Structure formats: structure tokens, C-alpha cells
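The values are calculated or read from the model by the stated rules, or taken from the named source; none is laboratory data. Because the structure is a prediction, the values reported are computed rather than measured. Don't worry about glycine lacking a Cβ; one is built from the backbone with ideal geometry, like all the others, and counts go over all protein chains shown. SASA here: full protein model, heavy atoms, side chains in, ligands and nucleic acids out. Shrake-Rupley method; radii C 1.70, N 1.55, O 1.52, S 1.80 Å.
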Amino acid sequence: MKKQGLMCWVVSFCIVPLSLYAGLFGWMGKQDSVEPSEAVSTNAVKRLHLTISDKAAEKELLQLTGVKRILFQERQVLMMVQDEKRRDLGNYEAEFEKSFGILRDRNYRYDPKTMTILEEVRKASTVTNAPGVVTESRVVKKLESESDSRKFASLVAAKQITQEDLVVLSRLAREKEAALVRVENSFKEKFSMSRDRNYWYDPTTMRLYEIVKPSSKGVIQ
């Protein structure tokens, strides 16, 4: 006979990841250590939220929770990769400044014929209503060897690829976030569940409970 804990699932809607209890499903909460399922049923204070009407509704509840867990995990991976790419970008910018005197908030161009890095500087115009922005080129660094030129080109290419990767990752993260919002809306519309609360489902009774923080002022029914 299976333990009672293997017959229970957790549905959780907090912002940060929740651990998966043994035999449970749950994936957004504030704990990060694995605990036995009995800890949920005996220690947590739960309040009846909803009695699931039939097996079809139960199946939909479990499917929505599985989809949300996957979307959340995918978004977390995307955010981790974004952080890694941002670190890479910062390293490239630090190397540009160290080796070539290039700052991240300036505009530059490279003349391969003379192997010269030029900064495009805004030129003060004496004409008050002159159209457009007038710039002039200022020499930042003249590369001394082909090796320096190859290093510079390699850094430029690496930075450009990283910036393009960040654009793609940002778009994918927004898509995952939008998908999560749609799933959360489904939970709200079909099961009256709020994204900022935690829930626990017992399939033996087909009852969905809200997990409520214990209070020293009284007992939650």
C-alpha cells in the first residue's frame, strides 16, 4: 500500500521556486529542500478552497499545473542563460576598455586600411537651426600589428553575437511569461485560484485546499 503522501499533489502560485515533495507536484513557493509529503498534510494549515466536480475537471487541474511547472522551469533556464550572456558582454566590454581604450557608452568605427579605431564625437555647431547631428572623428588608438587587428575583430564579432543572443533570449523569456499569464488566467477562471497563494490538492477526496500561514491569534478552519 502506498503512503498517503504519494496520493497528494501541491499546486503553488508564489514567485520563487518550491521544492517538489515526494509524490507531490508543486513548483512555485518559498522552500528549496525536499520534505516528506506528511509535512504538508500535518504541519501546514489548510483551508478548503474548492471541491473538484469530476474527473475531467481534475485532469484539467493537473494538466494546467504540469504545463505551468514546465513553463516556469523553461523561463528560469532562459533567465540563467541571459545572466551568463550579460556577464560575457561585461567581460568583452572590460577587455575593449583595457586593450583598446573603448568605452561602452561611446560610438566608434574602425578603419581597417589604417588599422585605426576612431571615436565619433558630436561636433558643436555654430548654426542654431542646423539639421541633423554633426560628428567628427577622433583617433582613439592605432593598432600596431595584425595580431592586434585580429584580436579587435574577434572581440567585435563576439560582442555582436552576444548582443544578438540577448535579444533572442529576451524575446523567448517574454513569450514564456505571456504563456504563464495565460495559464494563470485559466487557473483563476476555472478554479478561482490566485497566483499569489499556495494550494494543496487531495485526489482521494477531490478537494483543493489553500495553504494558509498559521496564526497565533486563533485557529484557521
To the nearest 0.05, the calculated FRET efficiency linking ARG138 and GLU177 through their beta-carbon distance, R0 being 35 Å, is 0.25
Over region 79-186, volume per residue of the alpha carbon convex hull, in Å³: 147
State in Å² the accessible area per residue of region 145-219; use a 1.4 Å probe, count heavy atoms of protein chains only, and round to the nearest integer. 62
If we restrict to alpha carbons, what Rg and Dmax does region 157-209 come to, in Å? 18.5, 60
Could you give the length gained by full extension between LYS59 and VAL167, i.e. 0.36 nm per residue of separation minus their alpha carbon distance, to one decimal place? 35.2 nm
Full-extension gain between ASP196 and THR114, please, as 0.36 nm times their residue separation minus the C-alpha to C-alpha distance. 23.5 nm
Computed from the beta carbon distance with a Förster radius of 35 Å, FRET efficiency for ARG86 and VAL45 to the nearest 0.05 stands at 0.30
How far, in nm, would the chain grow between ASN107 and ILE70 when pulled straight, counting 0.36 nm per residue and subtracting the alpha carbon separation? 9.2 nm
